[in-house]
Amino acid sequence: MNVSTSFIITGLFVFALAGFLGFETIRRVPRLLHTPLMALTNALSAISLVGSLVVLGREYSTYATILGFIAVVASTINVVGGFLITDKMLRMFKPREKIKKPAAAEAEAAS
Amino acid sequence: MTEAANYFLDPDSARAVIIGLLYLAGAIGFVLSLKWMSDAKTARKGIFAGEIGFALAVVGTLLMPGITSTGYILIAVALLIGAAIGVPLGLLVPMTAMPQRIALSHAFGALAAGLVGIVEYFHGQPEIGGFVMAVLGVEIVLGCLVFTGSLMAAGKLQEILPQRPFVYPGQIFVNFAVLGVAIGFIVALVVNPALTWAIPIIIVCGLVFGVFLIIPIGGADMPTVIALLNSYAGISAALLGFVLSNNLLIVAGALDGMSGLILAIVMCRAMNRSFSNVLFGAFGQLDESAGEEGEMGSIRSASYDEAGEILKNSRLVVIVPGYGMAVAQAQHKVRELADTLEKEGVEVKYAIHPVAGRMPGHMNVLLAEANVPYDALIDMEDINPEFPQVDVVLVLGANDVVNPSARHMKSSPIYGMPILDVDKAACVMVVKRSMRPGFAGVENELFFNEKTLMVFGDAKDVMGELITEVAGNRDSINV
């Protein structure tokens, strides 16, 4: 795990720029969508899956493999669950005109 | 060292270029997914971009050198188990349980980040540079802290743990002492990375600090805290990126960290409080005496019959939902009432306070679930100027966010918090189970306002009664 100094500098560049980009992008997300946003970033934060996969796949030692296995399972739960739940939520957000039609159809079906 | 050579990814090799490009595409997917999230029309496309990004990141990672053939099998098994748990967790959890579901999910992500950090330390020591060791130490502490903190938050939200804040004298001191010990040992590790025994100590400090951090937080402050934990989870992923020389982790972590930070700032502003006040202020315990200023006047209550009549005869009704609506699961009944009123020619809008509920955007999700169109959900700033033209405001399980004493009563713990100006409307109906004060423990002078009518009962039952009143009256007119 020898991280070169040049990567540290590049990494800091990437971090700073991604941070500003994230700030400017996410600032525009309306409050309406703050819960889905949270669920989405929750799924994205499971990017540590990338690190977990490497740890598990390389089998450094028995302990490392066990911990890596738990890490992969935990982050996969997060990714899969996170994306599914965000999508489930967003499917519920409908503008007025889209609701009227299905609602009317539902009422007819009920009667 | 021969072992280490196996893991080395030659930066000039074709493999490194392919992995690099896949990661780049993944990062672009993540940025696009957040960009498309800024509009309800494109948001679902955003999820798709995020999923593609993730898939590319995983493919790229599987190309990393040093993964054994048993390793690939183990990875496949772990991915399947994770997916088998993740799918029901994503599809079956009801919308009302969303805050605790999100908190729980933070715990999983943080656990993974923490574990990877720990493994990387033991694999790499004692040859770990100062910068990387510092980053790794902080990453492990953050991962552990978010893990237990999120579990605590989920427990409080699920009401497995008591929702009331728990405070004791010297609490801040104890919390900082725990954190101080962790920082001390991280410094020691930077000086001498071979101090393997220091790792369990910082792990325990992180775990304990996570618990201590949430103990004094009460239910109404949960939105801010969940957002902060979200931010910490992102930062720990970014730190892991520095340890693993992985730009994709840094990008995703930075985006996530920023998102959580922005949400936390929005929440704090909406309560006119600072971060430190939320984290250490223990709202609700502050000033119990503020609510005991004796008689604030008399209240007027209305029967369902009267309330229904008033609603039916108005032109514009604004519904103010709060956590009480979520607890009573009344969102579907609320929409039914709105539909019934709209059939009578009454316009219905919803006023959403930023901190209503237990997580950012909580009310929006609940009402969207009940098929309320999102263009009827109006943010506080946009609805406040409209209140003087509103005939009836129906306050449903909200309390502190409509309390006018936030404007003028300096002794009140909620003083300065921006509120919905419901008292400017012609009539305010408050649906409430009892006269119990809200979360902040403050008496709400709105209830004693001469324009206010109290309608006592469970939110869901009251909605049901009002629907029959409004619809029933129409029938009697028709007959």
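Please tell me if B:MET37 is aliphatic (A, V, I, L, M) and in contact with an Asp or Glu (Cβ under 7 Å, 6 or more places away or on another chain).
For B:MET37, the condition - aliphatic (A, V, I, L, M) and in contact with an Asp or Glu (Cβ under 7 Å, 6 or more places away or on another chain) - is not met.
Consider B:MET325 carefully, then state whether it is more than 12 Å from chain A (Cβ to nearest Cβ), crowded, with 24+ Cβ neighbours inside 10 Å, modelled with pLDDT of 85 or more and not in a strand (DSSP E or B).
Answer is yes for this residue.
Of all residues being in a helix (DSSP H, G or I) and in contact with a Pro (Cβ under 9 Å, 6 or more places away or on another chain) in segment B:18-45, which is surrounded by the fewest Cβ atoms within 10 Å (Cβ to Cβ)? Just the residue, please.
Top of the filtered list is B:GLY20.
Could you please let me know if B:LEU366 is over 20 Å from the mean Cα position of the chain (by Cα) and touching a residue at least 60 places away in the same chain (Cβ under 8 Å)?
No, not satisfied.
Can you tell me which residue is nearest to B:ASP382 (Cα to Cα) among those in segment B:328-351 that are surrounded by 18 or more Cβ atoms within 10 Å (Cβ to Cβ) and among the polar types (S, T, N, Q)?
B:GLN331
Please go through segment B:416-425 and give me each residue that is touching a residue at least 60 places away in the same chain (Cβ under 8 Å) and in a loop (DSSP other than H, G, I, E, B), ordered by number.
B:GLY416, B:MET417, B:PRO418, B:ILE419, B:LEU420, B:ALA425
Just give me the residues in segment A:58-76 being under 16 Å from B:LEU244 (Cα atoms), of a type outside the set (A, V, I, L, M) and assigned to a helix (DSSP H, G or I), in sequence order.
Hits for segment A:58-76 are A:ARG58, A:GLY68.
How many of the residues making up segment B:231-274 are under 21 Å from A:LEU12 (Cα atoms), touching a residue at least 40 places away in the same chain (Cβ under 8 Å) and not aromatic (Phe, Trp, Tyr)?
Total meeting the criteria: 15.
Which one of the conditions (1) of a type outside the set (S, T, N, Q); (2) farther than 30 Å from A:PRO30 by Cβ; (3) at pLDDT 90 or above does B:ASP12 fail to meet, given that it meets all the rest?
(3)
Taking segment B:61-102 only, how many residues are without any contact (Cβ under 8 Å) to a residue 40 or more places away in the chain and either at positive phi or small (Gly, Ala, Ser) (or both)?
9
What number of residues within segment B:172-205 satisfy the criterion of being more than 15 Å from B:ALA134 (Cβ to Cβ) and small (Gly, Ala, Ser)?
Of the residues in that region, 3 qualify.
Before we move on, is B:PRO65 more than 7 Å from chain A (Cβ to nearest Cβ) and more than 21 Å from the chain's Cα centre (by Cα)?
It is true that B:PRO65 is more than 7 Å from chain A (Cβ to nearest Cβ) and more than 21 Å from the chain's Cα centre (by Cα).
With the requirement that a residue be of a type outside the set (Phe, Trp, Tyr) and in a helix (DSSP H, G or I), what does segment B:366-381 give you?
B:LEU366, B:LEU367, B:ALA368, B:GLU369, B:ASP375, B:ALA376, B:MET380, B:GLU381
From B:LEU142, B:LEU111, which residue is more than 9 Å from chain A (Cβ to nearest Cβ) and either closer than 30 Å to B:ILE186 by Cβ or crowded, with 17+ Cβ neighbours inside 10 Å (or both)?
The conditions single out B:LEU142.
For segment B:337-365, give me each residue that is part of a loop (DSSP other than H, G, I, E, B), more than 16 Å from A:HIS34 (Cα to Cα) and not β-branched (Val, Ile, Thr).
B:GLU344, B:GLY345
Just a yes or no: is a residue in segment B:434-451 modelled with pLDDT of 80 or more, in a loop (DSSP other than H, G, I, E, B) and buried (at least 18 other Cβ atoms within 10 Å of the Cβ)?
yes
Is it the case that segment B:67-80 has a residue that's buried (at least 17 other Cβ atoms within 10 Å of the Cβ) and either in contact with a strand residue (DSSP E or B) (Cβ under 9 Å, 6 or more places away or on another chain) or small (Gly, Ala, Ser) (or both)?
yes
The values are calculated or read from the model by the stated rules, or taken from the named source; none is laboratory data. Everything quoted here is computed from the prediction, not taken from an experiment. Positions of Cβ are generated from backbone atoms using ideal geometry, with glycine treated the same way; all protein chains shown enter the neighbour counts.
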